[in-house]
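Worksheet for the structure shown next.
The values are calculated or read from the model by the stated rules, or taken from the named source; none is laboratory data. The structure displayed is predicted, hence computed values, not measured ones. Here the Cβ is made from the backbone with ideal geometry for all residues, glycine too, and neighbour counts use every protein chain on show.
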Amino acid sequence: MKSSVIKTLFFALSTFIGFNAFSHQNDEQAHHHHSSEQLMVHSATVRAFLPAAPSTAGYLVIDNPTQHDKILVKASLEGVKRVEIHEHIHKEDMMTMQRVDELTIPAGKSVVFQPGGYHLMVFEPLKTLKVGDKHKLTLYFADGDRVYTMADIVALADMFGGKAKSDTPHHTHH
């Protein structure tokens, strides 16, 4: 009988300890998630691929109202093989494009991805990205945070006419 009582107490204690550890872990994740909720992405658009083109461009705005710089290290888009962060720079009186491995989103500031500046280069569609569709865009940050948003697929002509811009608030996820 003593053995049975000891086993029952051991099981109950193990369950309690495990539950508390799990509960504490979830509290920390919820707190961390909440602290990064303020990072916002909006106006995400990706130009539809031109026939036979291996790449296209994507634009968006990242707002960082937090008190900490955030470092963007990677992006991905549903339906394509690869996405890179790029910027246009003036070099020897010429405009050229270069890949950016890390992009700091300064605390209290916004970074605009736009033609002639920072932008996403989107490569090798795995399926047709049709004008009017929305595809999941994921931004990855050095601290492990991720931001998910929906990017509108737009025609080149629509990008400059302002027809297809997503201003829906988007949330940060870890």
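Yes or no: region 116-129 includes at least one residue that is loosely packed, with under 14 Cβ neighbours inside 10 Å, among the hydrophobic types (A, V, I, L, M, F, W, C) and closer than 23 Å to ASP152 by Cβ. There is at least one residue in region 116-129 that is loosely packed, with under 14 Cβ neighbours inside 10 Å, among the hydrophobic types (A, V, I, L, M, F, W, C) and closer than 23 Å to ASP152 by Cβ. Restricting region 78-94 to residues that are over 14 Å from the mean Cα position of the chain (by Cα) and among the acidic types (Asp, Glu), the residue that is surrounded by the most Cβ atoms within 10 Å (Cβ to Cβ) is GLU87.
Conditions tested, residue by residue: (1) at pLDDT 95 or above; (2) outside the structural domain of GLY117 (by TED's automatic domain parsing); (3) more than 22 Å from LYS134 (Cβ to Cβ).
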residue: THR45; (1), (2), (3): yes, no, no
residue: LEU50; (1), (2), (3): no, no, no
residue: ALA57; (1), (2), (3): yes, no, no
residue: GLN67; (1), (2), (3): no, no, yes
residue: ILE71; (1), (2), (3): yes, no, yes
residue: GLU87; (1), (2), (3): yes, no, yes
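Being surrounded by 15 or more Cβ atoms within 10 Å (Cβ to Cβ) and of a type in the set (Gly, Ala, Ser) holds for only one residue in ALA75, ALA107, and it is ALA75.
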